[in-house]
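Participant: My questions will all concern the structure given below.
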Amino acid sequence: MNFNRVAPWFERLEKIVFRDQMQSCRTTHLSDLPAIKKAALIGEGNGAFLVQFLKHCNCEEIHYIDSSKTMLELAQKRMQKHVVPGLKRIEFYNLDLSLESMPDQNYDLVVTNFFLDVFNEATLYDVVSKITSACAQDALWLYADFQIAGNRYQRWRAITWVKTMYLFFKFVSNIQTTRLADPSRLFDHNGFQVKEVTEFKNGLMRAELRQRH
Ligand SMILES: C[S@@+](CC[C@H](N)C(=O)[O-])C[C@H]1O[C@@H](n2cnc3c(N)ncnc32)[C@H](O)[C@@H]1O
């Protein structure tokens, strides 16, 4: 699995297909965040979310993790353009979370936007376990992703969209799975309870703010 090839086109494609809906889904719960000291933004791609995150959150330490070098370069370039007042420390990590460990511990916020959908059920379990064990006791989790939910029409529509996207990403990124696995049960199992939830694109996408208690 490798997102280097699609990285330069990802944002343009997203805007053509979904306009601003994916970015709204990523950012909708930013204003609900309390003060954060240490955040891990995981599989965060080209940096579109990072710019908005920095506007809302005066976080002391940010670890930005992605397995694609091209995605990380795009995020770093974007950071050079957006000089954010009071910008604190951002460290970029080129690592594959399905094989490697989280770079540090005690994160009080983790963010996974349209990232967990790239894994099959077994890898999803491993990746979520790695992330949760790197979290502080009362950590928050910002999650955004596609979902198959709602009435019959919404489910049929979501299945069609998701199948098409997986076919595309199989071709351009050799994505690991062809089925969308919902991580809700894993979040619940690891003690992360829903605080806020918002749907976008008539239920095709879901944003959640969760917290561990
Ligand atoms: C579908 S893209 C989403 C990117 C971004 N979060 C967004 O919302 O646009 C998935 C991202 O996860 C990264 N990724 C995929 N597998 C990964 C892994 N095993 N470890 C770390 N990052 C990974 C990809 O390089 C890519 O940037």
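Participant: Cβ-Cβ below 8 Å, separation at least six or inter-chain, first residue in the stretch 94-114 and within 12 Å of the ligand (Cβ to nearest atom), second assigned to a loop (DSSP other than H, G, I, E, B) and charged (D, E, K, R): which pairs?
Facilitator: Pairs found: Val111/Glu44; Asn113/Glu44.
Participant: Give the residue that is surrounded by the fewest Cβ atoms within 10 Å (Cβ to Cβ), with candidates limited to residues of the stretch 169-197 that are over 19 Å from the mean Cα position of the chain (by Cα) and hydrophobic (A, V, I, L, M, F, W, C).
Facilitator: This residue is Phe171.
Participant: Which ones in the stretch 56-80 are among the hydroxyl-bearing types (Ser, Thr, Tyr) and more than 9 Å from the ligand (Cβ to nearest atom)?
Facilitator: Tyr64
Participant: If you don't mind, another one. Kindly state which strands (runs of 3 or more DSSP E) lie completely within the stretch 132-213 and contain at least 3 residues that are within 16 Å of the ligand (Cβ to nearest atom).
Facilitator: Counting at least 3 such residues, we get 135-146, 205-212.
Participant: In the stretch 10-42, which residue that is basic (Lys, Arg) and more than 13 Å from the chain's Cα centre (by Cα) is nearest to Thr112 (Cα to Cα)?
Facilitator: Restricting to residues being basic (Lys, Arg) and more than 13 Å from the chain's Cα centre (by Cα), the top hit is Lys38.
Participant: So, in the stretch 14-47, of the ones that are among the small types (Gly, Ala, Ser) and surrounded by fewer than 21 Cβ atoms within 10 Å (Cβ to Cβ), which residue ends up farthest from the ligand (Cβ to nearest atom)?
Facilitator: Checking each candidate, the answer is Ala35.
Participant: Follow-up question, since we're still on this one. Which ranges mark the helices (runs of 4 or more DSSP H) fully within the stretch 1-111 that have 1 or more residues being over 15 Å from Ala144 (Cβ atoms) and modelled with pLDDT of 95 or more?
Facilitator: The qualifying helices (runs of 4 or more DSSP H) are 7-18, 69-81.
Participant: Output the residues belonging to the stretch 134-166 that are in contact (Cβ under 8 Å) with a residue 12 or more places away in the chain and of a type in the set (Ser, Thr, Tyr).
Facilitator: Across the stretch 134-166, the qualifying residues are Tyr143, Tyr166.
Participant: Test each condition in (1) more than 26 Å from Ala75 (Cα to Cα); (2) of a type in the set (Gly, Ala, Ser); (3) surrounded by 14 or more Cβ atoms within 10 Å (Cβ to Cβ) for Ala122 and report the one that comes out false.
Facilitator: Just one mismatch for Ala122, condition (3).
Participant: Take the conditions closer than 25 Å to Phe10 by Cα and at pLDDT 95 or above and apply them to Ala207. Does it pass?
Facilitator: yes
The values are calculated or read from the model by the stated rules, or taken from the named source; none is laboratory data. For clarity, every value in this text was computed on a predicted model and none was experimentally measured. All Cβ positions, glycine included, derive from the backbone under ideal geometry; neighbour counts span all protein chains shown.
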